[in-house]
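Can you read through this structure? Questions will come right after.
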Amino acid sequence: MSRFITLLQLDFTLIIRNRILAVAALITALYAAILQLLPEENFSLVITTLIFTDPVMLGFMFTGVMVLFEKSGNTLQALSVSPVRPGEYLWSKALCLTLIALVAALIMAVAGVGLKFNALYLTIAVICSSLLFVFIGFAGVTRVQTFNQFFIIIPLLMIPGFLPFLNFFGITDTWLWYFIPTQACLLLFTATFDSAMQWTEIQKWYVSLYLPLSIFTSYFLALKMWQRQIQ
């Protein structure tokens, strides 16, 4: 446990040193300002979209940035001969970025609607969304060596995750997007700001079972690919 805490402290130090925290703070401030200026029409749709994209982008893109910085600094070679396990490495970064995403989401929610939101749903939604995309980010970044290569794969891995928004904005009306775990995240974000939302039994079971399963599947995929990376 002490080794993992030390790893968490090191990752927070790297986040600050690489200006990831500063960028996250700037994005949060920008989103909060936008929410102050939005008209009331379709406000719930916009705030849901903005807050949904924050942990997704933070988890995926900043994971790639952190790992690529460490690749360039030959940190991974040192990791392969250290007592740090690959699972500890993954979870340390996942928890650090998820905590930042949660704080940012709470700030944006308060900026947008004050305290008129469901904090429990928001917390669960942010944690699940962030963890899911952190692990997807890990799986993606193992295949690249440079930032340019990483930027090329971003659309390939990110676009499928945003397909459920087609239903959300009324462009499509299909159950197919329920195979994509971000649909479950989107339901939680919607419930955060829509107190009138009525959950069906199927939706409750879907979110409760499919979302955790998707997160752990993405974790084990990332872990397997990461173990190959450092061997």
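None of the figures in this text is laboratory data; all of them are computed from the coordinates on show. Computed from a predicted structure; not experimentally measured. Neighbour counts run over all protein chains shown; Cβ positions are idealised from the backbone, glycine included.
Across the chain, how many lysine pairs separated by 8 or more positions, or lying on different chains, have Cα atoms within less than 25 Å? Don't skip to the answer; put the middle values down first.
Numbers: Lys71/Lys93; Lys71/Lys224; Lys93/Lys224; Lys116/Lys204.
Final tally of qualifying lysine pairs is 4.
Right, something else. Which angle from 0 to 90°, rounded to the nearest 10, does the C-alpha axis of helix 147-158 make with the longest principal axis of the chain?
With rounding to tens, the tilt is 40 degrees.
Restrict the search to the range 190-231; then list the trypsin sites (Lys or Arg not before Pro) that DSSP places in a loop and that have at most 12 other Cβ atoms within 10 Å of their Cβ. Walk me through the intermediate numbers first.
Details: sites: Lys204, Lys224, Arg228; in loops: none.
Taking the range 190-231 and a limit of 12 other Cβ atoms within 10 Å, no loop trypsin sites (Lys or Arg not before Pro) are found.
Take every Cα pair under 8 Å in the range 103-231 that's 6+ residues apart, average their separations, divide by the length, and report that relative contact order as a whole percent. Can you show the working numbers first?
Details: 93 pairs, mean separation 49.8, N = 129.
Across the range 103-231, relative contact order equals 39 percent.
Given Cα pairs under 8 Å that are at least 6 residues apart, what percent is the relative contact order of the chain? Spell out each step's value before the answer.
On the way: 233 pairs, mean separation 63.3, N = 231.
Here the relative contact order equals 27 percent.
Take the Cβ-Cβ distance between Ile171 and Phe220 as r, set R0 to 25 Å, and report the resulting FRET efficiency rounded to the nearest 0.05.
On the way: r = 33 Å, r/R0 = 1.32.
The value I calculate is 0.15.
For the chain, what Kirkwood radius comes out of the mean inverse Cα-Cα distance, in Å? It would help to have the intermediate numbers written out before the result.
Values: mean 1/r = 0.0545 Å⁻¹.
For the chain, the Kirkwood estimate is 18.3 Å.
Along Cα→Cβ, 7 Å out, is where each label goes; now give me the distance between the ones at Leu115 and Tyr210 in nm to one decimal.
With each label placed 7 Å out from Cα toward Cβ, I get 3.5 nm.
Right, another one. Residue by residue through the range 194-211, what is 3J(HN,Hα) from phi via Karplus (6.51 cos²θ - 1.76 cosθ + 1.60, θ = phi - 60°)? Round to whole Hz and write x for glycine and proline.
Once rounded to whole Hz, the list reads 10, 5, 8, 4, 9, 7, 8, 4, 5, 5, 4, 5, 4, 5, 5, 9, 6, 5.
A follow-up question, please. Can you give me the distance in nm between label points at Ile152 and Glu88, each placed 7 Å from the Cα along the Cα-to-Cβ direction?
Taking the simple label geometry, Ile152 and Glu88 are separated by 3.5 nm.
Which angle from 0 to 90°, rounded to the nearest 10, does the C-alpha axis of helix 119-141 make with the longest principal axis of the chain?
Value to nearest ten degrees: 40.
Evaluate the distance, in nm, between pseudo-label points positioned 7 Å from the Cα of Ala33 and of Leu99 along their respective Cα→Cβ axes.
2.8 nm
How do the peptides 206-218, 151-163, 117-129 rank, highest first, by the average count of neighbouring beta carbon atoms within 10 Å per residue?
Working: 206-218: 16.7, 151-163: 14.0, 117-129: 20.5.
Top of the packing list down: 117-129, 206-218, 151-163.
Right, here's the next one. Just to confirm the number: angle between the C-alpha axis of helix 20-37 and the first principal axis of the chain, 0 to 90 degrees, nearest 10?
10 degrees
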